[in-house]
Each structure stands twice: as C-alpha cells, then as structure tokens.
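J.: After the structure tokens below, expect a handful of questions from me.
Each value in this text was obtained by applying a stated rule to the coordinates, not by laboratory testing. This one's a predicted model, so the numbers in the text were calculated from it and none came from an experiment. As a convention, Cβ positions derive from the backbone with ideal geometry for all residues, glycine included, and neighbour counts pool all protein chains shown.
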Amino acid sequence: MYLAFGAFISTSAIVISTNLLALHLMLISWFIFKKRSYIFLSLYVLLSVSFYFNALYKTDITKSESLSESNFTWTSTYSINGRNLKGFAKTDSGEKWYISYRFSSEVEKISFSKQSLVGSTFRFIGKEIDVPNPPHEYGFSMENYLKSHGAIGMFEVAQWSNYTKPKGVLGLITSRRFQAEQFIDKTFPKSLAPEAKALLIGLRDDVTREEERAYQKLGITHLFAISGLHIVFLSFVFYELLIRLHLRKQNVLFILIIGLPIYGILAGGAPSVWRAVSVSELVLLLTFAKKKISADDALGLSLLGFLFFQPGVLLQVGFQLSYAAAMALVFSSKILSRPYSILQKSFLITFLCQIGVFPILLYHFYEVSISSFIMNLLFVPLFSFIILPINVLLLFLSAIVPSVANFLFTVYEPLRTTITKIILYCSDIPYQLWNPGKPSIFLLTLAFVGVFWSFILLEKKGDLLKLFVSLGIPILLIEVSPMFNSSLEISFLDVGQGDSTVIQMPHERGVILIDSGGLLRFEQESWMNTTSPFEIGRNVVVPFLKGKGISKIDTFVWTHADSDHIEGAEEIIEEVRIKEIHVTPGVLKEAALSDALNAAKLKKILIKEQIAGRNWTLGGTTLNYLSPNDTQYEGNNDSLVLFLEHKGFRALFTGDLEKEGEEEVLKYSEIGLENIHLLKAGHHGSKTSSSQKFIEVLSPQLTVFSAGKNNRYGHPHKEVQLRFLELSLTTLSTAEKGTISVYVEDGNMRSDTSVFK
C-alpha cells in the first residue's frame, strides 16, 4: 500500500501541482525512521519515478491537425437532455473528445433515445470549439473535467452519417444495461424508477435536484452511488444463491470472477464501482488460487491500476472520495476489530469515513454536513439492508412474477414516499452545514495531518482530549482564518450578460449582494426542455458565495426587475441565509420577481423598498442610495443606485442606470462623487449609459463593465469604451476577464490585474 502512495504522489504532482513532490521527502523520511529495508526504499523510488513519467506522458497530449471530420465511437459517459446530446467519444486513433450535438427534431431525439450509443460509431462533421473558462475560481472547470476523463478537447457536431451499431461483448453488455434502464422505466412506478436505476445500474440522471440537494445536506449522497457496500451485498446474494443450487465453491468463485467486471460495466463504470470491483476481483482471484491478500494491498493495487491507465482520474471527486473513505476503513481495521456493540461500531465507521473525507469535501464543495454523523447512522442501515435488497427483489420479481411485484409496489411506494418526505424535512433543518469556504493549501494539508494523527490516536486508544485537539485545531483555524482578512473585497461575478456583485466587509463584518444575474428564457417546444437547466444563481453565484465561506447575506439588493439581474435570486435564497432584501419602489408587482418573492416569503425574509436619500452603516462602511427619486417604477432609470464609502474609498454601483438617471445622480455632488475610485458602469456598457458628462465628473480610477462574452448586444459598446479611453480612464470587462475582484486596504485599491494608488 505504501508503494501505491509513492505512485499517487508522483501522479498528483503532474496532474495537480509539482509542489506535491515534497511529500516524497516526508514519506521517505518516515520510512527511514521506521527502518524500512533498502529493497523497499528502492522499489518505492523506482515506482514513484515510473508513475511520474507515465503521468507526464499520458497527460501531455498533442492534438492532431485541426479536426473537422472523423469517426467517433461513443463511450459509456454520455447523456441526452432536452435537445442536446453530450458526452465522450473516441476517434479511430484513440483520441478522446467531448462531443456536443443539437438534435434537429423531436423525431431525431426519439431515435437516439431508443438505443444505447455505447460502442456505436458515427461519422461526425463539425468543428473543434474552445474550452470555456470557469466563471470564477470556485466554479466548474471544464478543462479539469476533460483532463479527468482523458479527453483532449471539445467537438461540436454539425451533421452525422454512417452509423454503425456496437459489436462484440462490450456492445452486448451495454445494450443489456440500456434494456435494464428501459425495463425499470416500464415496470416500476414513476416515483420509484429513479432510485432503482441509481442503486442497480448506476444511473442518477432522473434523481430530482431537490432530492439530490437534500442528500448533500445530510451527507448521505454516497448512498445513491454504487460502492463497495453494494458490490459486497450483491456478491453475497449471488454467492448464497449459487451455493444453494448445489454448485461447487470453486465454480461459484469462478462465476463471480467473470461476473463482477460485467456488472461493473452494467453499473456505468464510475470510479467507486471499479474501485470496489477491482478490489473484490483481486481477493476472489487469489482465493480461487488459494492465496491470500490483505485489504490494504488489494486497495493499493487497485489504486495503481487506476493511476497507470488514466492519471487524470485523480481530478474526479468521486475517485478521491471513494478511495479516501475506503482507506479510512482499511487503516482502521484494528480499531474496528475491538469488541464494540453494533451501535458503537456503526457510529465509529461513520465517524472514521466522515473525518477521512472532510478535507476533500471542503476543498471541492466548501461545506461539510454536520448532521451526517447522525444521518448516516440512520440511513446507511436503511439503504443497505432494506432499500437496496427491496430494489433487487422488485427487479427480479418484475421479470419473473409481475403480479407479485405489482402487489409489492403498492405496499412499498407509500413507504418510500414517506422516507423521502422525512429526508426532505430533515434537510430543511437550519445550521446543519459548516461552510468555512475553500481552505488554503496550507490549511488543507494541516487538516489531513490532523486526520492522520487522529487515526493513530484511535488505534493506540489515545485519550479524547488529544483526539479533540488533533481534529479541532485544523477545524478552528479553517473557521477563523477569514476573520483575519482586513481588506474590503468587491467581486463582479461573471454571470454572462447580467449583473451580480458581492461586497465583503473586512474581518467578516458583513456581506452585501447586488443582483443575482440570470438568463432570459424563451418559450420552446416541450421536447427541447432540459430536466436540469443551467441556473446562474445556483451554478455561478452560490458556488462563489460558498467558496468565500459566505453563509449569510446581510443585504440583498435587487436594483430593478430585469431578468438578467434578478432571475437567479430564487436559487440564492434557497441556499444562503438572507437578513433583508432591498428593492426599488413599485417593483414588487413585476412578473419577473414573482418566483424570487415567493421564495423570500417562504424564508420569511424582510423586504424593504428603498429610495434616494436612505443610508445605513455596515461593518464600518457607509452606504447611500442615490436613486430612484420617486415611487413609480418605470424601468432602468429607476434602478437602485448604491454609493459606498469606506475609509476614504468611494464606489458607485449603478444597476442599469441610463443617461437620464445619471443626470439625477449627479445632483448628489455634496457627498463626493468627483474622482471616485470605482464605478460599476450602468447597463453593461450600453451606449445609452455612461454619458460624457457623467464619467467626466466621476472620473473613476477603475470602471467595470458587467457583460457576457460575445453577447449579442455588443456590450460594452465601442462608443462607451472610447469615451473612457479618451479620458485615460481604466476599464475592465467581465466579458474579457471573467470575474473581477477589487481589494481595498489602507487607502489603496487593487484589482486582479492592476494596482491603484
């Protein structure tokens, strides 16, 4: 197993960061301290060097010449959602690409949906497209997603031809998986089918977003992923069944050896599946050969196999969590072997797994479920010994004795519905998520050291105080570290063609969110609608807030009722605690706000109409509204305009204010609008905003345009950019730079790219 650690470090150094090579020195020093043999040390170095160059070779992928046409064979990772077909496919030369295709009609979509594409070959004509950048450092990285699957780029299909059906054993197995999916959809009640597909064949596409988020909050998402527990259970069922059919033990082992990889393919081939299958396969093979292998060695060999064939898999969160949890249990075998009661052992297993993975969860999701320790005690036995066996039984009976299955469905469905209601209710309990934000590499390393030391203490029966200290110190440092940030931080989020600005006061004294971004959605035929549409609030704004450790917003400002400013508010309200919402007068009757208002009412959030002249103080920062001047809402020029002053620093946030509104704002010259430090330009840089007079008076050191890349409006308009250029004023645009952050401390302002005195 320790040899596998060396391969892991070397591969991580190539895939993640070369700084991780320093871990080799720490581990080698530990081996020398433990007086490991020279043969062992030599093997460690040899394997580490080999995997370093293996990862270097396999990740240094050189593309062929510009690709416009090729044969592509689909892998098992693809999805059909709405009018889009997306997934990974390989060329004849073995290059893997991320393919996207838009169906031209409902008939074409149905034709593709009625068959398994895995192993099917198409002649695609199209073009290579650029890999999009993440909206911010906490957003989804398409580049890393491609690397994790060993893909070299993205290909957009314009047309296809020469369809060839899959052949051989792989084609047969994947077609059976597709048939199983269709059979479940046909025979299981609609409410039970998503669960059955997730637990039996690894398809989670139909699990509702509400339920998935509930599982995340409770820390039980892993129950819907096929893992070692599922593999062990199914292996046990088939073993006992075959033994009772009077088959010899050797024959049963042989059948399982052949059958497990087949099930791995049927189950979708996720890292957690192949980890469980590969470890089980090693144990069975050696048992068949009358040999023995320890669990940690089997796990180590499984890890080596993954890293050798696909080094990029290290970037997959599922891979990281699966192996971390497995290692936590394997290296705690001495602890678990002690004579504990069933309840004590269940809690201990949950505790060990949770502390083993919590640094990974923080790094990727910026939050950890506090309630998971209790919820796993309740739901792991429920899913493992009741729900999973019931689904296996129902699938079997549906194929053999449909009438019996239908009767059991009538009994099980209301019971399962009740369990779902309980899960959803529990997920609504407040304060069960710890959200300190994304920890630094130093703090993350400290957390892993604390976890490692806590395992040693548990094995040696160390006292609880030492255990508390080993885990508590890293957790405490992660929690309090943001409090030492003395900067005022203003972030203009890359929400596409829209607005969303996050203002963080120094030392975590308060947070203001101005607008939420959003998409302008158009009516379309029902077959084009996706089951999980992209949502600016949930997919862009919320990850940024969580990444920054923001779990509470003091003031949520809705500047006006345009969709590109407010459509994402509902998702933010669902995920983050909000003290109060500020709106411009007369806007509450606008249809665009209805969903967000309903969500706010459910959360009992205070909503205040604001007008020019209103002011308040937050965390030592003074805030004033300079617009609107009346209570009749008429559109852009009635945007809430916020003026911020912090220790001499002055900033103006203008919503979609246009020329007429700008003239009204200039009347507040007594508060110090001249030569301000920062301006959020009105209306995304439209030529109807940022008038010559307005920018001459303000003369901002830095102006930020919030606009989408290649937007159809041409924002920021060239005329507007020219006005600023002629006055030698610095401008930045989210359309070009992505998310732009500005930091203010000791009277100095700096952005991601510039320093202003």
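J.: At R0 = 51 Å, how high is the FRET efficiency between Tyr57 and Ile456 if r is their beta carbon distance? Nearest 0.05 is fine. Intermediate results must be reported in sequence, preceding the final value.
T.: On the way: r = 37 Å, r/R0 = 0.72.
For Tyr57 and Ile456, the calculated efficiency is 0.90.
J.: Between Glu211 and Asp752, with labels modelled 7 Å along Cα→Cβ, what's the label distance in nm to one decimal, could you check?
T.: Between Glu211 and Asp752, the label points sit 3.8 nm apart.
J.: Classify the range 264-406: rounded, prolate or oblate, from the alpha-carbon gyration tensor (a ≥ b ≥ c, eigenvalue square roots; a/c under 1.5 rounded; otherwise prolate if a/b is larger than b/c)? Display every interim value, and only then the final one.
T.: Details: a/c = 1.37, a/b = 1.13, b/c = 1.21.
Verdict is rounded for the range 264-406.
J.: Along the charge dipole of the range 69-166, pointing to its positive end and built from +1/-1 on Cβ of Lys, Arg, Asp and Glu, which listed residue (Gly82, His149, Ser70) has its Cα farthest out?
T.: Of Gly82, His149, Ser70, it is Gly82.
J.: I would also like to ask the following. If you work out Cα extents along the principal axes in Å from the coordinates, which of [x] 93, 66, 57; [y] 125, 67, 49; [z] 125, 63, 53 do you get?
T.: Checking each listed value against the structure points to [x].
J.: Going by the alpha-carbon gyration tensor, a ≥ b ≥ c the square roots of its eigenvalues, is the range 2-59 rounded (a/c under 1.5) or, if a/c is not under 1.5, prolate (a/b greater than b/c) versus oblate?
T.: Oblate.
J.: Turning to a different aspect of this structure: With charges only on Cβ, +1 for K and R and -1 for D and E, what is the dipole size of the range 175-441 about its Cα centre, in debye, rounded to 20? Please report the intermediate quantities before stating the final value.
T.: On the way: 22 positive and 15 negative charges, 143 e Å.
Charge dipole, the range 175-441, about its Cα centre: 680 debye, nearest 20.
J.: Which of Ser639, Ser100 has the fewest other C-beta atoms within 10 Å, and how do the rest follow up to the most? Working shown, then result.
T.: Details: Ser639 30, Ser100 15.
With the sparsest Cβ surroundings first, the list reads Ser100, Ser639.
J.: Also: Using 1/(1 + (r/R0)^6) with R0 = 41 angstrom and r between the beta carbons of Lys589 and Gln115, what's the FRET efficiency to the nearest 0.05? Working shown, then result.
T.: Values: r = 50 Å, r/R0 = 1.21.
Given R0 = 41 Å and the Cβ-Cβ separation, E is 0.25.
J.: How high is the relative contact order of the chain? Use alpha-carbon pairs under 8 Å, at least six apart in sequence, and give a whole percent.
T.: Worked out over the chain, it gives 9 percent.
J.: Let me ask something additional. Going by the alpha-carbon gyration tensor, a ≥ b ≥ c the square roots of its eigenvalues, is the range 484-756 rounded (a/c under 1.5) or, if a/c is not under 1.5, prolate (a/b greater than b/c) versus oblate? Please list the in-between numbers first.
T.: Numbers: a/c = 1.35, a/b = 1.23, b/c = 1.10.
The shape class here is rounded.
J.: What does the extension gain come out to for Tyr2 and Leu415, with contour length at 0.36 nm per residue minus their alpha carbon separation?
T.: The Tyr2-Leu415 span can extend by a further 144.0 nm.
J.: Over every pair of different alpha-carbon atoms in the range 322-423, take the mean of 1/r and invert it; report that Kirkwood radius in Å.
T.: Averaging 1/r across every pair of different Cα atoms and inverting gives 16.2 Å.
J.: Also, I was wondering about something else. Within a Cβ distance under 11 Å of Pro132, other residues only, what is the Lys/Arg minus Asp/Glu net charge? Display every interim value, and only then the final one.
T.: Details: positive: Lys709; negative: Asp130, Glu143, Asp494.
Here the charged neighbours net out to -2.
J.: Could you check the simple spin-label distance between Thr530 and Glu696, using points 7 Å along Cα→Cβ, in nm with one decimal?
T.: Each label point is offset 7 Å from its Cα along the Cβ direction, giving 4.7 nm.
J.: Can you give the extra length, in nm with one decimal, that the chain gains between Ser440 and Asp428 once fully stretched, where that is 0.36 nm per residue apart less the Cα-Cα distance?
T.: Numbers: separation 12, 0.36 × 12 = 4.32 nm, distance 2.97 nm.
Between Ser440 and Asp428, full extension yields 1.4 nm more.
J.: Next question, about the same structure. Given the convex hull of the Cα atoms of the range 474-631, what is a quarter of its surface area in nm²? Could the numbers behind the result be given before it?
T.: On the way: hull surface 43.7 nm².
Hull-based average projected area comes out at 10.9 nm².
J.: For the range 484-756, build the charge dipole from Cβ charges (+1 Lys, Arg; -1 Asp, Glu) around the Cα centre, then report which of Phe534, Gly619, Gly568 sits farthest towards its positive end.
T.: Farthest towards the positive end: Gly619.
J.: Counting alpha carbon pairs within less than 8 Å and at least 6 residues apart, what relative contact order, in whole percent, applies to the range 75-208?
T.: Numbers: 178 pairs, mean separation 29.6, N = 134.
So the answer I get is 22 percent.
J.: Would you calculate a helix-derived [θ] at 222 nm for the chain, using -39,500 (n - 2.57) for each DSSP H run of n ≥ 4 and dividing by the full residue count, to the nearest 500? Let's see the in-between values first.
T.: Details: 28 runs with 351 residues, N = 757.
The helix contribution divided over the chain gives -14500 deg cm²/dmol.
J.: Subtracting the Cα-Cα distance from 0.36 nm times the residue separation, let me have the gained length for Ser50 to Ser37 in nm, one decimal. Intermediate values should be presented prior to the final figure.
T.: Numbers: separation 13, 0.36 × 13 = 4.68 nm, distance 2.00 nm.
Between Ser50 and Ser37, full extension yields 2.7 nm more.
J.: State, to one decimal in nm, how far the label point of Ala399 lies from the label point of Ile243, with both points 7 Å from Cα in the Cβ direction.
T.: Label at Ala399, label at Ile243, 2.3 nm between them.
J.: Say R0 is 25 Å: what FRET efficiency, to the nearest 0.05, do Phe373 and Ala295 get from their beta-carbon distance?
T.: Working: r = 24 Å, r/R0 = 0.96.
Efficiency, from the Cβ-Cβ distance: 0.55.
J.: Let me ask something else about it. Please report, to two decimal places, log10 I(q)/I(0) for the range 70-184 at q = 0.19, 0.23 Å⁻¹ as given by the Debye formula with identical point scatterers on the Cα atoms and no solvent.
T.: -1.07, -1.41
J.: Just report the Cα centroid separation between the range 167-197 and the range 492-516, whole Å.
T.: Cα centroid of the range 167-197 versus Cα centroid of the range 492-516: 45 Å apart.
J.: Would you mind calculating the relative contact order of the range 175-441 from Cα pairs under 8 angstrom and at least 6 residues apart, reporting the percent as a whole number?
T.: On the way: 236 pairs, mean separation 66.1, N = 267.
Worked out over the range 175-441, it gives 25 percent.
J.: Now, a different point. Find out how many positive minus negative residues lie around Tyr101, taking Lys and Arg as positive, Asp and Glu as negative, among other residues whose Cβ is under 10 Å from that of Tyr101. Could you put the intermediate results ahead of the total?
T.: Values: positive: Arg83, Lys86, Arg102; negative: Glu108, Glu156.
Here the count lands on +1.
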